[in-house]
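The values are calculated or read from the model by the stated rules, or taken from the named source; none is laboratory data. This one's a predicted model, so the numbers in the text were calculated from it and none came from an experiment. No Cβ is skipped: glycine too gets one built from the backbone with ideal geometry, and neighbour counts run over all protein chains shown.
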Amino acid sequence: MKFHLAINLERTRADMDMDSVQRHTLEMVQLADAAGFETVWAAEHHAIEMTIAPNPFQLLTWWACNTNDIRLGCGVANASYWHPINLAGEAALLDLISGGRLELGLGSGAYQREFDRMRPGLKQTDSWQYMQEMLPLVRQLWQGDVEHDGQFWQFPKATACPKPVQQNVPLWVAARAPITFDYAVANRCNVMTWPLTKGMDEAEQYKLRLDEAMAKTDGSFRPQFAMMRHTSLYANENDRQAALDAVRYNLSQFGNLMMKAGDVVNGFPDPIPLEKLEGNVFVDPAMLEENLMFGSPQSVIEKLKQYQALGVESYIYYASMGLGHEQQKRSFKLFRDEVMPAFG
């Protein structure tokens with residue numbers, strides 16, 4: 001099993017110093033690089049402090065210049081917010097600067113609130129169409145001149161400048177719905193999934209959708225299958241309670257954004273009552289501890305072996321959930337020192 005890190009520039013309070021946030025984020029990326037993690041992922045989000053990522057390529061270029069080996073994943077760019085020529089050029093420039101470490105992920109976005117500001121009039125449920133038009137265009141622009149007359153973009157002959165260092169940049173699609181799995185496999189893209197706070201049965205559903213998508217092809221391409229989970233390892237009750245408190249508060253803000261159920265003031269989403277989230281994301285502490293990658297190193301090893309048996313090839317350690325910086329580092333070091341050796 002390969003290990004990836006997903007981490008955000010994350011502020012949970014207005015009095016948090018932005019310089020300490022950026023230092024912590026870079027330190028975590030450097031820890032992952034030194035530990036042999038395969039990839040680090042940066043998201044794209046706008047106008048929220050819990051995920052400060054207005055341009056994932058800027059974040060990844062910063063990390064590229066401060067790491068040695070770890071690959072750099074855009075996870076993911078929202079296709080509807082970009083022009084294809086712009087996206088192809090930004091991504092290729094990162095590949096050039098990093099010496100060929102780019103992993104490009106495209107997706108359809110998560111928050112309607114964000115679309116209301118970045119793409120007014122577009123429903124989040126319709127945004128997959130932009131991703132499906134964007135993805136083959138980026139590949140074509142990396143090869144040379146192309147002109148395009150599509151549903152969402154039209155432009156005369158142009159190409160991406162610069163070109164990627166890699167001949168075949170790995171492309172990823174964030175997938176949950178069957179149609180997205182089908183598209184990813186048919187277009188020779190790797191697949192990343194996130195069961196949010198749901199249990200193993202949700203992960204099994206994603207694997208089934210991948211298998212069904214594979215059955216519709218000639219089998220000449222098998223995507224990498226990655227799965228992301230909130231992750232926190234702890235060795236004492238204080239850290240355990242802090243992790244559960246942090247993720248529950250984070251979920252209360254996440255639920256606000258997903259359901260437009262509260263206000264966002266100066267970039268900070270108001271938390272909404274956790275009982276409003278039942279049926280959307282599970283928030284019961286015992287269930288969270290069971291479903292998420294929470295627990296002692298041994299319990300995390302046992303959970304990871306279930307994912308490995310399911311066919312998950314890459315596990316994405318999601319570090320950002322409002323947890324204190326020092327506790328994030330303690331968790332990561334427990335994972336590095338006690339969990340990773342169990343997987344060779």
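Residue under question is Trp128, and the condition is that it be under 21 Å from Asp182 (Cβ atoms) and either of a type in the set (A, V, I, L, M) or touching a residue at least 12 places away in the same chain (Cβ under 8 Å) (or both); does it hold?
On the way: under 21 Å from Asp182 (Cβ atoms): yes; either of a type in the set (A, V, I, L, M) or touching a residue at least 12 places away in the same chain (Cβ under 8 Å) (or both): yes.
Yes; evaluated as a whole, the condition is true for this residue.
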Using beta carbons and a limit of 7 Å, which pairs, at least six apart or on different chains, have the first residue in the stretch 245-264 and closer than 19 Å to Pro195 by Cβ and the second one surrounded by 17 or more Cβ atoms within 10 Å (Cβ to Cβ) and among the aromatic types (Phe, Trp, Tyr)? Leu257/Tyr111; Met258/Tyr111
Only one of Val138, Val165 is surrounded by fewer than 17 Cβ atoms within 10 Å (Cβ to Cβ), in contact with a helix residue (DSSP H, G or I) (Cβ under 6 Å, 6 or more places away or on another chain) and either modelled with pLDDT of 95 or more or part of a strand (DSSP E or B) (or both). Can you tell me which? Val165
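Tell me whether the stretch 104-127 contains one or more residues that are surrounded by 19 or more Cβ atoms within 10 Å (Cβ to Cβ), on the phi > 0 side of the Ramachandran plot and not aromatic (Phe, Trp, Tyr).
Step one: filter the stretch 104-127 for residues surrounded by 19 or more Cβ atoms within 10 Å (Cβ to Cβ), giving 104-111, 113-115, 124, 127.
Cutting the leftovers down to on the phi > 0 side of the Ramachandran plot gives us 109.
From what's left, not aromatic (Phe, Trp, Tyr): 109.
Checked against the condition, which is being surrounded by 19 or more Cβ atoms within 10 Å (Cβ to Cβ), on the phi > 0 side of the Ramachandran plot and not aromatic (Phe, Trp, Tyr), the stretch 104-127 yields at least one hit.
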Go through (1) of a type in the set (A, V, I, L, M, F, W, C); (2) under 14 Å from Ala91 (Cβ atoms); (3) within 20 Å of the chain's Cα centre (by Cα) for Leu137 and report which single condition fails. (3)
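With Leu251, Leu257, Leu277 as the choices, which residue is touching a Gly at 6+ places or on another chain (Cβ under 7 Å), more than 29 Å from Ala342 (Cα to Cα) and of a type outside the set (Val, Ile, Thr)? Before the answer, list the steps.
Working: Leu251 fails: touching a Gly at 6+ places or on another chain (Cβ under 7 Å); Leu257 fails: touching a Gly at 6+ places or on another chain (Cβ under 7 Å).
Among Leu251, Leu257, Leu277, only Leu277 is touching a Gly at 6+ places or on another chain (Cβ under 7 Å), more than 29 Å from Ala342 (Cα to Cα) and of a type outside the set (Val, Ile, Thr).
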Find the residue count for the stretch 118-132, including only residues that are within 21 Å of the chain's Cα centre (by Cα) and either over 22 Å from Ala43 (Cα atoms) or outside any loop (DSSP other than H, G, I, E, B) (or both). 9
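Could you check the stretch 170-266 for helices (runs of 4 or more DSSP H) lying wholly inside it with 1 or more residues that are on the phi < 0 side of the Ramachandran plot and at pLDDT below 95? Break it down into steps so the answer makes sense when it comes.
Numbers: elements: 178-186, 200-215, 237-259.
The qualifying helices (runs of 4 or more DSSP H) are 178-186, 237-259.
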Six or more apart or on different chains, Cβ under 6 Å: which pairs go from a residue in the stretch 213-236 that's in contact (Cβ under 8 Å) with a residue 60 or more places away in the chain and of a type outside the set (A, V, I, L, M, F, W, C) to one that's surrounded by 13 or more Cβ atoms within 10 Å (Cβ to Cβ) and assigned to a loop (DSSP other than H, G, I, E, B)? Could you list them? Gln224/Glu313; Arg229/Leu292; His230/Leu292; His230/Met321
Here is a list: Met293, Met321, Met287. Which entry is closer than 26 Å to Leu208 by Cα, buried (at least 19 other Cβ atoms within 10 Å of the Cβ) and either touching an Asp or Glu at 6+ places or on another chain (Cβ under 7 Å) or not aromatic (Phe, Trp, Tyr) (or both)? Met293
